[in-house]
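The values are calculated or read from the model by the stated rules, or taken from the named source; none is laboratory data. Everything quoted here is computed from the prediction, not taken from an experiment. Note that we place each Cβ from the backbone using ideal geometry, even for glycine, and neighbour counts take in every protein chain shown. Please note that ligands, DNA and RNA were not included when accessible areas were found on the heavy atoms of the full protein model with its side chains. Shrake-Rupley method; radii C 1.70, N 1.55, O 1.52, S 1.80 Å.
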Amino acid sequence: MMRRTAFKHGPNLLLHLLLLALGVLWVYPFVWMIFSSLKTNTEYIASGIKLLPEAAQWDNFARAWRVGHFSTYFTNSAVITASTVIIVVVLSALTGYALGRVRFPGSRFLILAFTVTMFIPKGYTIIPIYQIIKHLGLLNTMPGVILAESSGAH
């Protein structure tokens, strides 16, 4: 009787072991990146896929913030992300409410058109979005990046 129960759970055990192995393979590059940030440049180049640093170089983070101007990049990323999320949520909520509640001629076609555009890969829209941003005079500006990022949301 015990033997039958063990055999019954065997496929689940194999599946869990396989998923665990895949999880480790998926997580390893991220863990390696974190530990590599604690290595010296020489150790980073020479160590290959070796995980642990010989001595943790915590100064690398302070140097990245100070010398690499990481604070500027972090601030830009936070502003762009927050602005894009706000624009997308507000416009999606307003559009969804209008299309869901109000019936007007062509509303079903408009819903279908929005749905179809969700299947267009973002790569096909890069050039038209670039041209629009260029004609608006927003190239190389933060509002231009925010507008470009929020335009691709479906």
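Data overview
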{"item": "The range 134-154, residues that are outside any loop (DSSP other than H, G, I, E, B) and either modelled with pLDDT under 95 or closer than 18 Å to residue 79 by Cα (or both)", "result": "142, 143, 144, 145, 146, 147, 148, 149, 150, 151"}
{"item": "Condition met for residue 81 (open to solvent by 50 Å² or more (accessible area, probe 1.4 Å), among the polar types (S, T, N, Q) and within 30 Å of residue 27 (Cα to Cα))", "result": "yes"}
{"item": "Near pairs, Cβ below 6 angstrom, 6+ apart or cross-chain, from the range 34-48 (open to solvent by 90 Å² or more (accessible area, probe 1.4 Å)) to any residue that is not β-branched (Val, Ile, Thr)", "result": "44/36"}
{"item": "Pair list, Cβ under 6 Å, 6 or more apart: the range 89-105 residue surrounded by 10 or more Cβ atoms within 10 Å (Cβ to Cβ), other residue assigned to a helix (DSSP H, G or I) and among the β-branched types (Val, Ile, Thr)", "result": "99/111"}
{"item": "Any hit, the range 11-32, residues being surrounded by 12 or more Cβ atoms within 10 Å (Cβ to Cβ) and among the aliphatic types (A, V, I, L, M)", "result": "no"}
{"item": "In the range 112-123, residue modelled with the lowest pLDDT [restricted to those that are open to solvent by 60 Å² or more (accessible area, probe 1.4 Å), of a type in the set (A, V, I, L, M, F, W, C) and part of a helix (DSSP H, G or I)]", "result": "114"}
{"item": "Complete set of residues in the range 19-54 that are in contact with a Pro (Cβ under 9 Å, 6 or more places away or on another chain) and either in a helix (DSSP H, G or I) or modelled with pLDDT of 95 or more (or both)", "result": "35, 36, 43, 44, 47"}
